[in-house]
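Reviewing the structure listed below.
The values are calculated or read from the model by the stated rules, or taken from the named source; none is laboratory data. Owing to the predicted nature of the structure, the values given are computational and were not obtained by experimental measurement. With ideal geometry, Cβ positions are generated from the backbone for all residues, glycine too; neighbour counts draw on all protein chains shown. Each accessible area value is taken on the protein alone, full model and side chains, heavy atoms only, with ligands, DNA and RNA left out. Shrake-Rupley method; radii C 1.70, N 1.55, O 1.52, S 1.80 Å.
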Protein chains: 2
Amino acid sequence: MICTFDQLFEAVRNRPRRTLAVPSAEGGSIVAACAEAYRAGICDTILIGDPAKLDALRQAHARDCDGLRVEAEPDPDRAVARALTLIRAGEANLLMKGKTDTPTLLKAVLDADTGLRTGRVLSHVAVVAMPAYPRLMLWTDGGINIRPTLDVRLDMIRNAAEFAGKLGVAVPNVALLSAMEKINPKMEETLDYERILKLHQDTPVAPATIEGPIAMDVALSAESARIKEIDSRIAGVADIFVTPEISACNIAVKALIYLAGAQAAGLVVGARVPIVLLSRSDDAGTKLRSIALGAIWG
Amino acid sequence: MICTFDQLFEAVRNRPRRTLAVPSAEGGSIVAACAEAYRAGICDTILIGDPAKLDALRQAHARDCDGLRVEAEPDPDRAVARALTLIRAGEANLLMKGKTDTPTLLKAVLDADTGLRTGRVLSHVAVVAMPAYPRLMLWTDGGINIRPTLDVRLDMIRNAAEFAGKLGVAVPNVALLSAMEKINPKMEETLDYERILKLHQDTPVAPATIEGPIAMDVALSAESARIKEIDSRIAGVADIFVTPEISACNIAVKALIYLAGAQAAGLVVGARVPIVLLSRSDDAGTKLRSIALGAIWG
């Protein structure tokens, strides 16, 4: 079981080397992140785009990296198509967004014929590490699904549980978060959670221990569960934190990063390979951790 | 400007002493918290309820506290009515929930004839202090308003801005949080935020600098705003964090408390006096800080 990002990096280095495909890779910070991942022993990269620009960027950022290959395809749409072809052919095992905008990339990934569909909804998982918590936290979904329906929530849980499996957590503890523990018809998520638990009882939604609605204090603290007299199997040992809607996840994870020194990284999962979506405001550590998460999965 | 809870305690001690009214106060942790507040020089208390039980609790928890008075009113509804009468008469300046359940207490507070209405919606404000942030953060609303309408959001801002004023922040910086900076019709809050900014431009909603939709990283970090090329006057110096709905606030604040050692406290505001709602799972420090917040306001 991988409990820290250091353990993640070690596990990735001990696995067969993966290859990352990046369509429209003509960006300094993109090439720099790929070079850093190569140097850290995480993965090789195929940079797809304008060959002259990419060669110049490789000179600037990745001079000593023989694991960074360039494929010439200056047209943005064809660059995405080429990346997906490489992945379907097994020549690359993970996908990273370059200059393509996110909706365009995801649309191509979801194409029924040429994409990487699995039948599941795509969802974002943020992985957060903090000294105060004994394991990695998987938060979902702060990036893709705005106000999930019941079916989307089910896929969010499946995607995150599969992710936990890649980190060595075979049966993750899933906290279906709300502001309180009671079913409240005015809080749609609590009705969805009730349905999810019932479905899970009949046919497991995923190999996981699922509880909800559960408040954040109980998910994080066995002591809080005891005081509130809530009989929880996951209090203080939750692995997956499912939020009612996008802003709860996005705000909480960013608060932990910016106020509490949390180390974080993220991936879009639910496709045949994970998708790394880096933001310009991600620091170098976040970029490297996100690529490493892709490599442990891919 | 009060930037820490230590400064809050000092400011409270230097003000005329306040009196807290607690209907149905027959609870060990309730009486203990009031005794602690008395000893800390924060306020006196009128405990309303069954006199025999209250005398026994006072013996057990508040033997040396001459600032804890008992009023005999064993009937729970009449105890609430009595507390409101004391407040309307100026004999008490703040209200704390005892054993009354929250909806019953708030309904009495909102009664048009006998309550403490101001015309504004009630809202919850959590005040959070962390070494990593240079000022107190006011988070709203993680306790009362589930999915606020535009009008409720306006009152949430007014209530929190008034609260900031009590803490010496005359023109607070208000971050209307979302998962991203763009207006997105699929995210109702962003449409509300657009309306709020427009209204605020014509007639100030409150004495405040308001921005939104703003993502949490930008609200917390001028550096993040710079990288994302967002021209913000409040990045890194936000005072008030308005979340789209209840769970975002509740989850984020609890994550900071349980994972990052944040000191927190909370109040219900919008009535003529603030209302302290303590939870059994609040530790002694949280209870004392919440009463002190009430005393600086009341």
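Candidates in the stretch B:142-181 are the residues that are closer than 26 Å to B:LEU8 by Cα and touching a His at 6+ places or on another chain (Cβ under 8 Å); of these, the one that is farthest from the other protein chains (Cβ to nearest Cβ) is B:ILE144. Summed over the stretch A:157-170, residues that are touching a helix residue (DSSP H, G or I) at 6+ places or on another chain (Cβ under 9 Å), in a helix (DSSP H, G or I) and open to solvent by 40 Å² or more (accessible area, probe 1.4 Å) total 2. At least 2 residues being open to solvent by less than 10 Å² (accessible area, probe 1.4 Å) and farther than 23 Å from A:THR118 by Cβ is the threshold, and among the helices (runs of 4 or more DSSP H) wholly inside the stretch A:15-107 those reaching it are A:28-39.
Can you name every residue in the stretch A:1-11 that is open to solvent by 10 Å² or more (accessible area, probe 1.4 Å) and either more than 27 Å from A:ALA238 (Cα to Cα) or in a helix (DSSP H, G or I) (or both)? Spell out the reasoning first.
If we filter the stretch A:1-11 for residues that are open to solvent by 10 Å² or more (accessible area, probe 1.4 Å), which is where we start, we get A:1-4, A:6-7, A:9-11.
If the condition is that a residue be open to solvent by 10 Å² or more (accessible area, probe 1.4 Å) and either more than 27 Å from A:ALA238 (Cα to Cα) or in a helix (DSSP H, G or I) (or both), then A:ASP6, A:GLN7, A:PHE9, A:GLU10, A:ALA11 are the ones that fit.
If A:PRO131 passes every condition in (1) open to solvent by 10 Å² or more (accessible area, probe 1.4 Å); (2) modelled with pLDDT of 95 or more but one, which one does it miss? (2) is the only condition that A:PRO131 fails. Restricting to the stretch B:232-290, count the residues that are within 18 Å of B:ILE2 (Cβ to Cβ) and in contact with a Pro (Cβ under 8 Å, 6 or more places away or on another chain). Total meeting the criteria: 4.
Table: residues versus (1) free of Cβ contacts under 8 Å to residues at least 12 places away in the same chain; (2) in a strand (DSSP E or B).
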site	(1), (2)
A:LEU176	no, yes
A:ASP192	no, no
A:GLN201	yes, no
A:ASP217	yes, no
A:ALA225	yes, no
A:GLY236	no, no
A:PHE241	no, yes
A:ASN250	no, no
A:ALA255	yes, no
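Only a single item in (1) at pLDDT below 95; (2) in contact with a Pro (Cβ under 7 Å, 6 or more places away or on another chain) is not met by B:ALA79, and it is number (1).
Of all residues in the stretch A:272-295, those satisfying the criterion of being among the hydrophobic types (A, V, I, L, M, F, W, C) and open to solvent by less than 10 Å² (accessible area, probe 1.4 Å) are A:ILE275, A:VAL276, A:ILE291, A:ALA292, A:LEU293, A:ALA295. Taken together, B:ALA292, B:ALA284 contain a single residue that is at pLDDT below 95 and hydrophobic (A, V, I, L, M, F, W, C), which is B:ALA284.
Scan the stretch B:171-225 for residues that are open to solvent by less than 10 Å² (accessible area, probe 1.4 Å), charged (D, E, K, R) and more than 25 Å from A:GLU245 (Cβ to Cβ) and the total you get is 0. Take A:VAL31 and decide whether it is under 30 Å from B:LEU256 (Cα atoms), of a type in the set (A, V, I, L, M, F, W, C) and in contact with a Leu (Cβ under 6 Å, 6 or more places away or on another chain). Against the criterion (under 30 Å from B:LEU256 (Cα atoms), of a type in the set (A, V, I, L, M, F, W, C) and in contact with a Leu (Cβ under 6 Å, 6 or more places away or on another chain)), A:VAL31 does not qualify.
Return yes when A:ASP151 is at pLDDT 95 or above and crowded, with 23+ Cβ neighbours inside 10 Å and no when it is not. Give the steps one after another, and end with the answer.
On the way: at pLDDT 95 or above: yes; crowded, with 23+ Cβ neighbours inside 10 Å: no.
No.
Looking at the stretch A:254-261, can you tell me whether even one residue there is within 13 Å of chain B (Cβ to nearest Cβ), within 21 Å of the chain's Cα centre (by Cα), over 21 Å from B:SER247 (Cα atoms) and surrounded by fewer than 17 Cβ atoms within 10 Å (Cβ to Cβ)? Among the residues of the stretch A:254-261, at least one is within 13 Å of chain B (Cβ to nearest Cβ), within 21 Å of the chain's Cα centre (by Cα), over 21 Å from B:SER247 (Cα atoms) and surrounded by fewer than 17 Cβ atoms within 10 Å (Cβ to Cβ), which makes the answer yes. Check whether at least one residue in the stretch B:136-155 is more than 22 Å from B:ARG233 (Cα to Cα), more than 17 Å from the chain's Cα centre (by Cα) and among the β-branched types (Val, Ile, Thr), and report yes or no. Yes, the stretch B:136-155 contains at least one residue that is more than 22 Å from B:ARG233 (Cα to Cα), more than 17 Å from the chain's Cα centre (by Cα) and among the β-branched types (Val, Ile, Thr). Please tell me if B:LEU136 is touching a residue at least 60 places away in the same chain (Cβ under 8 Å), buried (at least 22 other Cβ atoms within 10 Å of the Cβ) and within 10 Å of chain A (Cβ to nearest Cβ). It is false that B:LEU136 is touching a residue at least 60 places away in the same chain (Cβ under 8 Å), buried (at least 22 other Cβ atoms within 10 Å of the Cβ) and within 10 Å of chain A (Cβ to nearest Cβ).
Scanning the stretch A:226-236 for residues that are surrounded by 23 or more Cβ atoms within 10 Å (Cβ to Cβ) and either under 17 Å from A:ILE183 (Cα atoms) or out of contact with any helix residue (DSSP H, G or I) (no Cβ under 9 Å at 6 or more places or on another chain) (or both) returns no hits. Yes or no: A:LEU267 under 24 Å from A:VAL12 (Cβ atoms), within 13 Å of the chain's Cα centre (by Cα) and touching a residue at least 12 places away in the same chain (Cβ under 8 Å)? Answer is yes for this residue. Each residue in the stretch A:238-248 was checked for being within 8 Å of chain B (Cβ to nearest Cβ) and within 13 Å of A:VAL152 (Cβ to Cβ), and 4 of them qualify. Scanning the stretch A:108-132 for residues that are of a type in the set (A, V, I, L, M, F, W, C) and part of a loop (DSSP other than H, G, I, E, B) returns A:ALA112, A:LEU116, A:VAL121, A:LEU122, A:MET130, A:ALA132.
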